[in-house]
Amino acid sequence: MSILNQIEQHYKSSDAAQKLIFINILVFILSALCFSFVLNQFQYPSWLALSSNYKDVLWFPWTLFTYGFLHSEPIHLLFNLIFLYYISTLFYTFFTTRQFLTVYFLGNFFTGLIFVTYGYLFNYYNLIVGASASIMAIFIAVATFAPNYSLRLPLIGYLKIWHIAVFYIFIDVAQLLTENRGGHIAHLSGSVVGFVFSMLMKKGIDISSIFTFNKKKNKTFKKVYKNKPVKKYQSVRVSDVNFKQRQIDEILEKISKSGYESLTKEEKEFLFAANK
């Protein structure tokens, strides 16, 4: 079996996160073949990378989606995909594939909107690429849903996942005024998506359910037969003789149809008392 066939088989048998890893690698290779290096970074055109200029986005609206599959350099790609691989495995401990894809792509889209809004409000112009925002959304979703989950880090030991999440957020906030502010805005925006998703899940609200497109099957209604309530027969001391006689007649009719054994204990006792 050739290498390409092995890759194809592995892709088909992999989960959603691993498929995304394959896609990101493929896009990076294709971009390396199509675009030249400028200052050790790929020079992506404005019709693929996301621009903070809303006018560019209006011309190329698909960049709100495509930017998340582009990476500026091999190290950028490698770090993101390693993080995605490990955090997705943890995500599946608590959530489903549909929820994973929902958080991943909502993190990508929401981050794009925030980035463009920031550019408009603060007259900031730049391009961003990378899956960091989506990965941060996945990571913070887990950290919010299970904050006391422990992770073992090399040379450090065990840390609760919320400690790691706070550290990442602190780094991004501290570097908001640096040259790469766009990247840190992306990280924080993705974190908001993950946080909101898990907080809603804790309240029983699954926003991923809006992406369920399967048609509801027609429900077949089954007729439910309910047992008739057992009649409570009054004692022989009832003053209403006519009512007592009706009760006796009903019991006798039941015996004629279903036999004496069909009577309840109360009906037998009532009939025995009446015969006296």
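Tell me, VAL116, VAL166 in order of fewest to most beta-carbon neighbours within 10 Å?
So the ranking, lowest neighbour count to highest, is VAL166, VAL116.
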Which translational diffusion coefficient, to the nearest whole µm²/s, is obtained for the range 15-211 from the Stokes-Einstein equation, given a Kirkwood hydrodynamic radius over C-alpha pairs, 4 °C and 1.567 mPa s?
75 µm²/s
Using Cβ contacts closer than 10 Å as the measure, can you line up ILE248, ILE169, ILE210, ILE29 from fewest to most?
ILE210, ILE29, ILE248, ILE169
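What order do you get for ARG181, ARG246 when you list them from fewest to most C-beta neighbours inside 10 Å? Numbers along the way, then the final one.
Numbers: ARG181 16, ARG246 11.
Lowest to highest Cβ neighbour count: ARG246, ARG181.
Rule-based calculations on the coordinates, nothing more; no lab input. Everything numeric here is computed off the predicted structure, so don't read it as measured data. So basically every Cβ, Gly included, is an ideal-geometry build from the backbone, and we count neighbours across all protein chains shown.
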